[in-house]
Amino acid sequence: MSSSTTTPELDHWESQRYKYGFVTDIESDTAPPGLTESTIRLISAKKQEPAWMLEWRLKAFRHWITMREPTWPKVTYPPIDYQAISYYSAPKQSPGLQSLDEVDPKLLETYEKLGIPLEEQKRLAGVAVDAVFDSVSVATTFREELAKAGVIFCPISEAIRDHPDLVQKYLGSVVPVTDNFFATLNCAVFTDGSFVFVPRGVRCPMELSTYFRINAKSTGQFERTLIIAEEGASVSYLEGCTAPMRDENQLHAAVVELVALDDATIRYSTIQNWYPGDDEGRGGIYNFVTKRGKCLGNRSHISWTQVETGSSITWKYPSCILQGDGSKGEFYSVALTKGRQQADTGTKMIHIGRNTTSTIVAKGISAQQGQNTYRGMVKILRGAEDARNHTQCDSLLMGDRCGAHTFPVIECGNPTATLEHEATTSKVGEDQVFYLLQRGLTEEEAVSMIVNGFCREVFRELPMEFAVEATKLLSISLEGSVG
Amino acid sequence: MLEIKNLHASAQGHEILRGIDLTVRAGEVHSIMGPNGSGKSTLAQIIAGREDYEITEGTILFQGKDLLELEADERARAGVFLAFQYPVEIPGVGNVQFLKAALNAVRRARGEDELDTARFLRLLRERMALVSMDERLLKRSVNEGFSGGEKKRYEILQMALLEPSLCVLDETDSGLDIDAMRIVADGINALRAPTRAMILVTHYQRLLDYVQPDFVHVLAGGRIVRSGGKELALELESHGYAPFMNGSPGSDTATIVTNTAGAGRKAAIAGTGA
């Protein structure tokens, strides 16, 4: 399977492995490549934004041009030409859609192919979906049902127009405009994403999810998501992502902010399956993402669960700021790298309040020439009395050309803290594989079973149907990486 | 059922098996005994399809098919079962999930329908009674946190569930206390059938107090240096393997005695009074 020549059979085999690699042939309205203040004005105008939003973007842009791209991650890639990217692309359709009937059937078909039917009769029960295609949200299901419970679930571009007070209050309150190179770029050029607001005391009656799809060539996707759970509210949110197979790299620089007030709970799950590039490392998505949650209220709880199997490069550290007393942060992660994929991922847990607890369970799987890095920081501030953290960091290696690296940092400013760190590195044991083969399983079934077993602690944090999805995805991703 | 002819095998350039001949027919139980390092486990692993060995000469036919042409998983689905000497732990993989996947893989290969969870669990409970396995163990991961005896019983349970045609038990008796030995032996005896053959690889004679083999073979220096009935095991028990050790590699004095079915049967009957 390491042959460097491309034959039609191999192409077919390759596309079998990444079954979301198709392109939707749809007419789109795409901005010319390049990034200047006028690009930002164009995006803001396309989105019919109020003046304050444009000002916010321009402020970010003016800061961004003074910033340098970070070089500390353990990933290598050729320099990105930010002037060669198009920052806005939207499928052409009549503006101001009133119902799904007006959505281009090609788009509905695309999401159906991805396993996310949007039409009313086919929808997944109990899951509301916001479908983001390139730079715009094309449909959001179950909005009326959610509205009855007081939950707002809509594209963020719409929230900026319809709920400006909430957006102005919370946007940038967790990830400041000047936070980091990619986040600041996102502030300047973000196009769409989801907005969730769960009011005081409301348990969101269904799972919310956003499905991100990159389709257009030479474009970047800059998604922005903001989730707010008021006092005593709870919500579970899931995002999925896929993209066509292309020889060029595409940039996805997202920012996600979560805010949990007193006694609120937010569970945020990601199944990231962007196109990973081919076996020689051609193409694939650069997934440079800033995700952060703020446990602002006492006893608030934010939990991140991520299954990262796609992208040629993943750079993301979903983090928690544990500000409220007794607040709780969790990070459960599975990152799989194969082919030439590189992942530098982990989390930051910042303990500020008293009696704050955090749990980190990170599982890295490296196959073929994949490089997997766990980078984590646990920081206990001086006032964080009786803070507790448990970190478990396990790496699984398949073959002898891959790599696993861990960079855990602990900064403890309070002597009452309890910190635990466990780390293991293991190889998929020949003995384990042989045992399963001897019981009649094929080699791929055997490896998939072993790897899924390795990930079980993380998968059980996912909502049921997505845990099944994650298990399947992992098995598909591992096909062809055995032996 | 199984026909091994002139089998030579080596690992890392070192010859371990130096011409094994062995014929096992359906319904028979053969015991292969021998000192440490004689090649007993190697033979068991090669039958099961472990790839760490190079077969330099010889053939293995299983039900008339060339076994060496089949991958380990194909052999398993064709009915070859190895009860491991050291069953490996697989963290995070639940026993029920594992057993069900294995059974359905084998059933598919036999042209039988797959069992759904309810039917599977019914069958599993029935077979668990055979080896007195605690149902709570099913909640754990494969072999994880099992005692030595539980691991061995679990191997027998898998054998009972998968119903293979050829069972190779690699030192299943090692590390068992007397009660566990009896349970394992009862399990093995219950699985003896006219359509099924068994090879018991063992160092000590004591398992044979409970399971009566039809034939006993002594393996030393990579060859079968003697074959006989049950009485051969008793002879080994009193004299040890030393008398056979001059038949070790390089020596031409080894006598290869072919199976004498009559003697074996007689011995087996004689021993049943115990």
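When the surface is traced with a 1.4 Å probe over the full set of protein chains, A:I365 keeps roughly 0 Å² accessible. Sorting B:R196, A:R68, A:R456, B:R77 by accessible area puts them as A:R68, A:R456, B:R77, B:R196; the probe is 1.4 Å, largest comes first, and only protein heavy atoms count.
Bridge orientation summary for the protein assembly as shown: considering DSSP beta bridges with both residues in this region, about 20 percent are antiparallel.
Of all DSSP bridge pairs formed entirely within chain B, close to 55 percent run antiparallel.
Once you have a ≥ b ≥ c as the square roots of the Cα gyration tensor eigenvalues for the stretch B:139-211, tell me rounded if a/c is under 1.5, and otherwise prolate or oblate according to whether a/b is larger than b/c. Oblate, since a/c reaches 1.5 and b/c is not below a/b. Here each label is just a point 7 Å from Cα along the line to Cβ, and for A:I410 and A:A423 those points are 1.2 nm apart. What is the sum of charges, Lys and Arg at +1 and Asp and Glu at -1, for the other residues whose Cβ falls under 11 Å from the Cβ of B:G94? Cβ neighbours under 11 Å give a net charge of +3. If you take the square roots of the eigenvalues of the alpha-carbon gyration tensor of the stretch A:127-176 and sort them as a ≥ b ≥ c, do you get rounded (a/c under 1.5), prolate (a/b over b/c) or oblate? It is oblate, given that a/c is not under 1.5 and a/b is not larger than b/c.
Entry comment: accessible area of the stretch B:2-271 is 42 Å² per residue, from protein heavy atoms only and a probe of 1.4 Å.
Helical content of chain B, expressed as a calculated mean residue ellipticity at 222 nm, amounts to -10500 deg cm²/dmol (DSSP H runs of 4 or more residues, -39,500 (n - 2.57) each, divided by residue number, nearest 500). In this assembly, the A-B interface accounts for approximately 2100 Å² of buried accessible surface in total, computed with a 1.4 Å probe and without ligands, DNA or RNA.
Measuring r between the beta carbons of B:E126 and B:L234 and using R0 = 41 Å, the FRET efficiency lands at 0.70.
Distances between placed amide hydrogens fall under 5 Å for A:C393 paired with A:A362, A:E422, A:A423, A:T424, all partners being 5 or more residues away or on another chain.
The modelled label-to-label distance for the pair A:D162/A:Q392, using points 7 Å beyond Cα in the direction of Cβ, is 4.2 nm.
By accessible area, using a 1.4 Å probe on protein heavy atoms only, chain A has 50% of its surface on carbon and sulfur. The label point for A:E112 and the one for B:K65, both projected 7 Å from the Cα toward the Cβ, are 4.3 nm apart. Put a plus charge on the Cβ of each Lys and Arg, a minus charge on the Cβ of each Asp and Glu, and nothing anywhere else: the dipole of the stretch B:2-271 about its Cα centre is then about 640 debye. Computed with a 1.4 Å probe on the full set of protein chains, the accessible area for A:F142 sits at about 30 Å².
For the peptide A:445-453, the mean number of other protein chain Cβ atoms found within 10 angstrom of a residue's Cβ is 4.
Only protein heavy atoms count here; under a 1.4 Å probe, B:E235 has an accessible surface of about 60 Å². Please give the calculated 222 nm ellipticity per residue for chain A, where each DSSP H segment of at least 4 residues contributes -39500 (n - 2.57) and the sum is spread over every residue; nearest 500 deg cm²/dmol? Mean residue ellipticity at 222 nm (helix-derived): -6500 deg cm²/dmol.
Taking every residue in B:90-98 and counting other chain Cβ atoms within 10 Å of its Cβ, the average works out to 6.
Charge dipole of the stretch A:388-483 (Cα centre as origin; +1 on each Lys and Arg Cβ, -1 on each Asp and Glu Cβ, all else neutral): 100 debye, rounded to the nearest 20. For peptide B:134-145, the mean count of partner chain Cβ atoms within 10 Å of a residue's Cβ comes to 1. Rounded is the label for chain A. Its Cα gyration tensor axes, ordered a ≥ b ≥ c, give a/c under 1.5.
The values are calculated or read from the model by the stated rules, or taken from the named source; none is laboratory data. Since the structure is predicted, the reported quantities are computational estimates derived from the model, not experimental observations. Cβ: placed from backbone, ideal geometry, glycine included. Neighbour counts: every protein chain shown. These area figures cover heavy atoms from the full protein model, side chains too; ligands, DNA and RNA do not enter into them. Shrake-Rupley method; radii C 1.70, N 1.55, O 1.52, S 1.80 Å.
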